[in-house]
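Report on the structure given below.
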Amino acid sequence: MGHAPEKGSSEGSATPSANETSAFSAPLVDRVTAQAVELTADEQEAIDALPSGSALLLVRRGPGLGSRFLLDHEVSVAGRHPNSDIFLDDVTVSRRHSEFRRTPSGFVMRDLGSLNGTFVEGERHDAVALEDGNEILVGKFHLTFFASRADLAGRN
């Protein structure tokens, strides 16, 4: 897969500028599939305390390990732009990479035309309904999606 610079980038530079997104190949995606990692007591407590209608993304591997992102708005945008709701500072992440939208039945992830795509459970998706425990790959960031326990209990 070739390098496709984003608008305003400097072609031919060995190191991407802040305005570029670096592309990575499918074999890299295959090599970085997540391994199960035990939740810390603090992480489990944060998940258990989620109010109805919210969810949590935890960075389980990659840059920003341990970071938490609360999904408590109708739409939360993940990207490399500093004003993103979910700021993921790495050149493998597009400025506006993907969004997480709350729906009556849960959360949906939608890729926003990113260079590297967004992967859920190892498969590239343009849009997909998220399930509790799904692993989401945005650039080099491995995020795990946790739905509100109150919402999960209401579905059973």
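The values are calculated or read from the model by the stated rules, or taken from the named source; none is laboratory data. Here the structure is a predicted model, which is why all the values come from computation and not from measurement. For neighbour counting, all protein chains shown are included, and Cβ atoms are generated from backbone atoms with ideal geometry for every residue, glycine included. Accessible surface is based on the protein model in full, side chains and every heavy atom, while ligands, DNA and RNA are left aside. Shrake-Rupley method; radii C 1.70, N 1.55, O 1.52, S 1.80 Å.
For region 42-118, just say rounded, prolate or oblate: build the C-alpha gyration tensor, square-root its eigenvalues into a ≥ b ≥ c, call rounded for a/c under 1.5, and beyond that prolate if a/b exceeds b/c, oblate if not. Please report the intermediate quantities before stating the final value.
Details: a/c = 2.25, a/b = 1.30, b/c = 1.73.
Note, shape of region 42-118 comes out oblate.
Which FRET efficiency value, to the nearest 0.05, do you get for D89 and R110 by plugging their Cβ-Cβ distance into 1/(1 + (r/R0)^6) with R0 = 25 Å? Don't skip to the end; give the middle numbers.
Numbers: r = 21 Å, r/R0 = 0.85.
Efficiency, rounded to the nearest 0.05: 0.70.
Just the accessible area per residue of region 86-139, please: how many Å² with a 1.4 Å probe? Working shown, then result.
Values: 2410 Å² over 54 residues.
Accessible area per residue: 45 Å².
For region 37-156, which whole percent of the accessible surface, found with a 1.4 angstrom probe, sits on carbon and sulfur atoms? Display every interim value, and only then the final one.
On the way: 2840 of 5820 Å².
Solvent-exposed carbon and sulfur of region 37-156 make up 49 percent of the total.
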